Amino acid sequence: MTTGATSPPPRLTASAPRRRRRADRSFPELVEGFLQAIGAAKPSPHTLTAYRHDLVGVAARLAAAEGVSLEELQLRDLTKSALRGAFSSWAADHAKASVLRTWSTWNRFFAHLVAEDLLEGNPMQGVAKPRRPSAPVKVIRGPDATARLVAAASAPDPRARRPWPERDLALAATFAVTGLRLSEALSLTIGSFDGPVGERRLSVVGKGDKARAIPIHPELEDLVGAYLASRAARFPHHDLEHPTTPLFVHASGAPLNARQAQYLIERLYVRAGIRAQVPPGALVHALRHTFATAALSGGASVLEVQQLLGHASLDTTKRYLEATANELRDAVRAHPARAALLGLGRNNA
């Protein structure tokens, strides 16, 4: 009887090394992988150093709380509760802006880990994000500051090689009565004016390419018209009928740039005698802030001012309410009736 052929035993092959479990990845290893990944976008060395500082700084506090060294810290240790404690410790001795930047770094770090399939979700969604600190409102001090600025702009600049008061006045008035950002004003064209005479609007493209329409006073329309008439005489070849022609230009005829506009406005502050009343670090932007507080003081609502300024968030506009309240308190303190009441109180004491 013949027996069936037996099959040969299976061949033994060397098995591939097992991939390390995700939770076993060490924190330094994860950081290096993250920095290498974002390095493909060629960020500056300063940016990479800042990322490493933010990651290691918080992680060191987390490791200390866990009783391990930074090198021993692993992915499984980066839990929501541990991160909350580490960020609470970090926030205790760092400025709000620094904490916000660090939170953003860690959020991007975990987004990278999720994209690499090392995590199923981003634990930073469970760590409170600090609110972005609002920049202080920089209002030009003095009730007649804007009037003095406009008066100075209407006269020729004695130091200018080619004085152009019509252009200077139109530029200063545009900033003063519309609250435009510098970039928005410099991007205006002849076609930015829309609507019938007496009801004209400025079509403005602001941050995030968001368009808005700003009603303008007939007085501003007249000033811009006088400027364009003077420009036609200076530069007959400029096509002032074409909608894409830049609105504001330099004395050379080229489109006005940011540096030139800032210089013009600062010169006007000096000539008006109000340079010391302009907050440090603000030139054109001080006119925007002054416009906003004046609008609120004049009875405009926060929503209306938000639309005029093109703010994405109402909280940004609300900053001007506090500045307006401070101005009102100063006006009350300076009122003659208050001095009379104080004198009455001393006489009755």
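The values are calculated or read from the model by the stated rules, or taken from the named source; none is laboratory data. As the structure is a prediction and not an experimental result, all values here were calculated from the model. Glycine gets a Cβ as well: all are built from the backbone with ideal geometry, and neighbour counts include every protein chain shown. Side chains included, ligands, DNA and RNA excluded: accessible areas come from the protein's heavy atoms. Shrake-Rupley method; radii C 1.70, N 1.55, O 1.52, S 1.80 Å.
Values as computed for the structure displayed
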| quantity | calculated |
| --- | --- |
| For segment 199-286: accessible area per residue (Å², 1.4 Å) | 53 Å² |
| Residue pairs, from the table Lys80/Lys207; Lys138/Lys207; Lys96/Lys210, whose Cα atoms sit over 23 Å apart | Lys80/Lys207; Lys96/Lys210 |
| Debye log10 I(q)/I(0) at q = 0.30, 0.31 Å⁻¹ for segment 182-237, Cα point scatterers | -1.22, -1.25 |
| Spatial separation of Cα centroids for segment 193-230 and segment 50-73, in angstrom | 55 Å |
| Overall dimensions of segment 39-157 by Cα: Rg and Dmax, Å | 22.1, 72 |
| Shape category assigned to segment 90-150 from the gyration tensor of Cα positions, a/c cut at 1.5 | prolate |
| Cα gyration tensor, segment 216-307 - rounded (a/c under 1.5), prolate or oblate | oblate |
| Cα point-scatterer Debye curve for segment 139-228, base-10 log of I(q)/I(0) at q = 0.10, 0.20, 0.23 Å⁻¹ | -0.28, -1.03, -1.23 |
| Placed amide H near Lys129: partners under 5 Å, 5+ positions off or other chain | none |
| Rounded if a/c under 1.5, otherwise prolate or oblate - segment 35-105, Cα gyration tensor axes | oblate |
| Filtered GluC sites (Glu not before Pro), segment 161-237: DSSP coil and at most 15 other beta carbons within 10 Å | Glu199 |
| Segment 136-293: equivalent-ellipsoid semi-axes (sqrt of 5 x gyration tensor eigenvalues, Cα, Å) | 23, 20, 14 |
